[in-house]
Amino acid sequence: FPVTIDIRILGKLPVLKVPADSQVILGKKVVLNSDANRSNTALTFKCTLVCGLKGIIEIGDNTMLNGVSITAYEKVKIGNNCKIQAMSFIPNGVILEDNVFIGPMVCFTNDPKLEDLKQGQEFVPTKTLVKRGAKIGAGFVIRAGVTIGEGAIIGGLAGAGVGAGTGAIIDSNKE
């Protein structure tokens with residue numbers, strides 16, 4: 001049967017590490033941008049998609065990834081019409097709903113306690129949710145387990161370790 005692939009790869013080919021029992025599901029018109037020469041951002045990283053055994057990375061329609069790293073040992077889901085900027089990291093357990101903007105160098109975490117595991121103990125990542133239409137500015141670190149509410153705006157370099165409600169605006173700019 002015919003297979004149609006409707007994605008764009010700009011610049012260098014992305015790094016894909018996907019074992020046989022894992023999946024990367026790309027929606028229509030997804031853009032994987034690793035092009036340092038023709039980009040308006042200083043892309044120095046390739047898009048990297050890494051799955052563990054049985055991991056799933058799902059990326060919705062019309063989403064653009066600019067030099068982003070995504071790691072899924074269970075699941076990462078990115079909605080439709082999202083834009084994720086250079087050098088952002090999205091680990092296992094993160095869900096981005098539709099129309100989300102993630103600025104450059106945003107780092108999601110999935111371990112709220114940073115504790116050492118005892119031998120034989122399995123790491124269980126904490127889920128993090130960014131709701132529809134939220135915008136997160138440059139350099140923000142998002143603590144594991146928080147929810148960023150629908151339409152929330154978090155300014156670059158701001159800090160909010162407890163999440164943000166619907167329509168919240170959090171900004172480090174004191175002017």
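The values are calculated or read from the model by the stated rules, or taken from the named source; none is laboratory data. Here the structure is a predicted model, which means the values were calculated and not measured. Note that each Cβ is placed from the backbone with ideal geometry, even for glycine, and that neighbours are counted across all protein chains shown. For the accessible areas, the whole protein counts, side chains as well, though only heavy atoms, and no ligand, DNA or RNA atoms are used. Shrake-Rupley method; radii C 1.70, N 1.55, O 1.52, S 1.80 Å.
Is it the case that the stretch 68-75 has a residue that's open to solvent by 10 Å² or more (accessible area, probe 1.4 Å), within 18 Å of residue 134 (Cβ to Cβ) and either free of Cβ contacts under 8 Å to residues at least 60 places away in the same chain or in a strand (DSSP E or B) (or both)? Working first, answer last.
Within the stretch 68-75, the first condition is being open to solvent by 10 Å² or more (accessible area, probe 1.4 Å), and the residues that meet it are 69, 71, 73-75.
Restricting the remaining residues to those that are within 18 Å of residue 134 (Cβ to Cβ) gives none.
The answer is no; no qualifying residue exists.
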Could you grab me the full set of residues in the stretch 123-163 that are modelled with pLDDT of 90 or more, hydroxyl-bearing (Ser, Thr, Tyr) and more than 10 Å from residue 108 (Cβ to Cβ)?
147
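A quick yes/no check of all residues on (1) at pLDDT 85 or above; (2) assigned to a strand (DSSP E or B):
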site: 13; (1), (2): no, no
site: 16; (1), (2): yes, yes
site: 20; (1), (2): yes, no
site: 24; (1), (2): yes, yes
site: 32; (1), (2): yes, yes
site: 37; (1), (2): no, no
site: 44; (1), (2): no, no
site: 62; (1), (2): yes, no
